[in-house]
Each structure stands twice: as C-alpha cells, then as structure tokens.
Amino acid sequence: MSTAPVIYEVNTLAWLTDIERRHGGGARMDLRSLPKEAWDELAVPGADVVWLMGVWERSPAGRGIALSDPDLAGTFRAVLPDLGDADIAGSPYCVRRYVADERLGGPDGLAVARAELDRRGLGLYLDYVPNHVAPDHPWLLEHPEFFVQSEQADQERDPSAFIAVGGHVYARGRDPFFPPWPDVVQLNALSPRLRTATAEVLSSIGEQCDGVRCDMAMLMMNEVFTRTWGPRAGAAPPDDFWPTVLTAVRARHPHMTFVAEAYWDLEFQLQGQGFDFCYDKRLYDRLVADGPQQVRAHLTAGLGYQRGLVRFLENHDEPRAAAAFGPEKERAAAVVVATLPGASLWHEGQLEGRRVRLPVFLARRPDEEPDTGLRAFHERLLAAVRDSGMRGGDWRLLDTAGWPDNASHLGVLAWSWTGGTRRHLVVVNLTGGPAQARIPLSGWDDLAGGTWELRSVLTGAWYERDGSEMAEPGFYIELSGWEAEIYNITPASA
C-alpha cells in the first residue's frame, strides 16, 4: 500500500442504487451481483484505495427518527423533489452493528467488494464511528458501562439531550459546539472497558479491509472528552483513548491504516497518538476562502507533519467542489491537492463536477449532467502524477520573486519534487488574474551551465531554458488566472 495513498470515497448505497438503474434495469442488486463494469468505474486512474462509505448495518430506530424529522425532510426534498420513504435509508453514522448491511449483501457482499477491488490493484477503507452508536445497538442493553449515563430527572428535563433505554438514562451523542444528535447515544471514551471493546471491534473490521477512517476522531481525546462531558464521564485514565486502542489493534494488524477525521487544529496531536493520516481541513478552508499567501503559510509546516495529512477539496460533509470553487479555481486547487505531500481524497462525483451534496441519509441521488471535460482533466491529472513518480521523492516549497512594479508573483505558489534522476516543478496561480513570477531553483546544484527541457505532464508542451538563469534569478513563468502547470525537468541532451 502506498505511503501517500490516493483515496477515492464512494457513497456505497447511493452508488449501488445508481448501478441498479444503469446496469440492472432497476432490478435489486447488491455487492455480490454487480457487473464487472461497475467495479471498473471505481478504478479511477491514479487511485490506490477505495473508501466504501456507509457499509455497516443502519439502525431502524435511527431511520425512524429521520423519517419523523420535518427539518430533515425539507433538506431531503431540496435534493430529491420526488422523495419517497424508500429513499431514506437512515444515517450510515447511526450504526446498529459493525456487520455489513444486508442491503449490500452482508459480510459476503463486503468480501466480494474487497476481492473485486484487489483485482484492480485497489485497497479498501471502511468507516468506524468511535463517539456514538445507534439507540438500538446491542451494547445499550448488554454494556451500559460503555456509555455516558445520567439521571431520570435529566431525561425528563431535556429529552433532546438524554434518552432512556432498558432502565438506564444515557446522553445523546454530541460534539461540544452543536446540539445533541437525536439519533445516537454517547459512548464514554474514558471507560477502560469501552476502550477494550473498541479495540476488538476495530480488529474485527481489520479482518475485512486495509484501513479505517475514524469519524470525528478528536472527540475521543481525553482533553476534549473531559471538557465536553465533565463529571458525567468520570475520571480520565492516565493514557489517552487512541494510543490505548490503536496499540492493541496494531498488535493484530500491524499494517492497518488509520485515518482521522480531525478538526480544531488537533491534527498534530492525533498523529502523535497513532494516526497515519488526519484530515487537512485547514488547507481546505484556506483554498476556499483565503488568499494564496495564507495557503503558502500553511505549507511551511514541517514535512513530517505534512506527510501525515489528507488533502481534499470535498467529501460527504463538505459542499461539492464544483459548487464551492467554480470550474477554473477548482482545477487549480485540484493540482495543489494532487501534488502535495501526504494522502489525497477524491469524492465520487467530484471528478465529473457534480454540484449537489447528497445527505448521507439518502439512498438515491439526483441526476446531474456530467462535465466530461472536467472528468478528463481530473483523470489526466491523477494519472500524470502517478506515472511521474514524483510523490515518492523529496518535496520542497519554493520562493517566488517579482518586480517593484509587479507584485503578481504573490499569487503564485510553487514547489518541487526530486528523486533520483526525476525532477518536477509545480506552479499554481491561485488568483483569478494574470501573474508573472521568477522561481529561483538554486537548490539544484547542477542546473548552471546547461540547457534544460521542461515538459508539461498535463499537456505535453515543452520548452528549453538556460540552467544558469533558472538557478538565479530564477525560472520565469507567466500564468493566466487560475492556471497551473506541472513540469518534468530533464537535461535537453536527453
């Protein structure tokens, strides 16, 4: 498995429903009965891993809550005007059991999926939700000690925050900045018995996949959990939740990959607690709303830290990139994400420009006309980056320079990848206007005195440049608004 995987996220149930319509004439199918063409669709050029989001058994109780919620119904109808009850599957993050849902073919269907992906050279990631479970999860009756508990008076005073099950009153799941989620029950991260049980569940999941994306992982950190729940959670053990759990799982699955959905600038701490990769939400926010210099400042962080980040422009929780960025800016941002150190995440539908973000409760998505040009660009980009081998080399953020009467270089970001005889230069204009810049390549000691060929890995266009000038004052480039280039640099004699 790659040390910097390219991850392709698939909303499993919505994808399956779409496959039924396109390949099965609407007949019911599951992961055991899909045609070869369906699996081929997931072999996106350059991808290393498919994350099948939402494979676990969904909660009937959670679905009932979703069906009765008028606010959710309004959200659903805004996406699917012809919404029917059958379209509402319930949340995949309201898990009743960590067993593959029967709608997908159960454990046998999941095993088929893993085998089909493996035939195409792809690994498989699945979800784990450490913070909460569905209100009909067996643990509520079998292991009440796993949960944050309270008193009957609390449930009577605030039924939106507490739920009574099996003679116990439990807190509903939440994060500290939002109201409680109505369809889930809060696990107690400080409970030693829950930690042992979590390690067992993750070890079982590890038998079925290559890695796990852990939902809202920072909520289970001792500091965060204690701040959220106070005395109700009890005393914190000396060791944190994730080092305890991940050490136990890795004793059985040493090569299993763990990805943390992480926010609040806690990525570095979670990496230190054992996660291989953490969401880089800060980069996403800066690409959406900030300027090029804020993006550049983010990329000055230590390389070890950056190699443990997951770069993305969308996922199932964020707006669609085509809607959030617009077509030209999205292409520039895609080059950034594809060529930085660390993992990258690409969401099904992103490549062809889908604009409607599907609520995870729904099993069907609306029809949208694909942008074939955008799809071709993404496939060309991901394949070119893979084929270049650049991400297996050494990465370095580069400076840009301009002129007293022209500061447009401040909108240009540049970095290089070097390894063996391979040299690559990435240059991106993160503004909507034209920009000119010089990029000193003084770190490449053998440039001076020779002539070098720069060939675009995206378009095939090529240029010759004097090596001495590229070293000092620097490689000169002009870019139109939102233009990006990736150059393979070789001696002209080659």
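Nearest 5 percent is fine: what portion of the DSSP beta bridges confined to the chain is antiparallel?
Beta bridges within the chain, antiparallel portion: roughly 65 percent.
Of Val95, Val79, Ala14, which is farthest towards the positive pole of segment 1-151's charge dipole, taken about the Cα centre with +1 and -1 on the beta-carbons of Lys, Arg and Asp, Glu respectively?
With unit charges placed on the Cβ atoms, the residue in question is Ala14.
Let me make sure I get this right: for segment 6-62, a, b and c are the square roots of the gyration tensor eigenvalues over alpha carbons, sorted descending. Under 1.5 in a/c it's rounded, otherwise prolate if a/b > b/c, else oblate. Which is it?
Oblate, since a/c reaches 1.5 and b/c is not below a/b.
Among residues other than Gly433 whose Cβ falls under 14 Å from its Cβ, what is the net charge (Lys/Arg +1, Asp/Glu -1)?
In short, -2.
Which one, Leu303, Ala251, Gly211, projects farthest toward the positive side of the charge dipole computed for the chain from Cβ point charges (K/R +1, D/E -1)?
Ala251
Taking only DSSP H segments of four or more residues, each worth -39500 (n - 2.57), what value at 222 nm results for the chain once the sum is divided by all its residues, to the nearest 500 deg cm²/dmol?
Calculated from helices alone, the mean residue ellipticity at 222 nm is -9000 deg cm²/dmol.
Which value, in Å² rounded to 10, gives the accessible area of Thr247 with a 1.4 Å probe and all protein chains present?
Probe radius 1.4 Å; accessible area of Thr247 about 100 Å².
Find out how many positive minus negative residues lie around Gly62, taking Lys and Arg as positive, Asp and Glu as negative, among other residues whose Cβ is under 13 Å from that of Gly62.
0
Would you kindly find the accessible area of Val360, with a 1.4 Å probe and non-protein molecules such as ligands, DNA and RNA excluded, rounding to the nearest 10 Å²?
20 Å²
Let me check against my output: what whole-number percent is the relative contact order of segment 1-111, with C-alpha pairs under 8 Å and at least 6 apart?
33 percent
Would you check the accessible area of Tyr487, probe 1.4 Å, heavy atoms only, in square angstrom rounded to 10?
10 Å²
Test of the criteria: in segment 215-321, which trypsin sites (Lys or Arg not before Pro) are in a DSSP loop and have at most 14 other Cβ atoms within 10 angstrom of their Cβ?
Hits after loop and neighbour filter: nothing returned.
Under the rule of at least 5 residues apart or a separate chain, name every residue whose amide H is placed under 5 Å from the amide H of Asp127.
The list, which skips near neighbours in sequence, is Gly54, Val55, Arg213.
The values are calculated or read from the model by the stated rules, or taken from the named source; none is laboratory data. Just so you know, these numbers come straight off a predicted model, no measurement behind them. With ideal geometry, Cβ positions are generated from the backbone for all residues, glycine too; neighbour counts draw on all protein chains shown. Note: areas computed on protein heavy atoms with side chains; ligands, DNA, RNA excluded. Shrake-Rupley method; radii C 1.70, N 1.55, O 1.52, S 1.80 Å.
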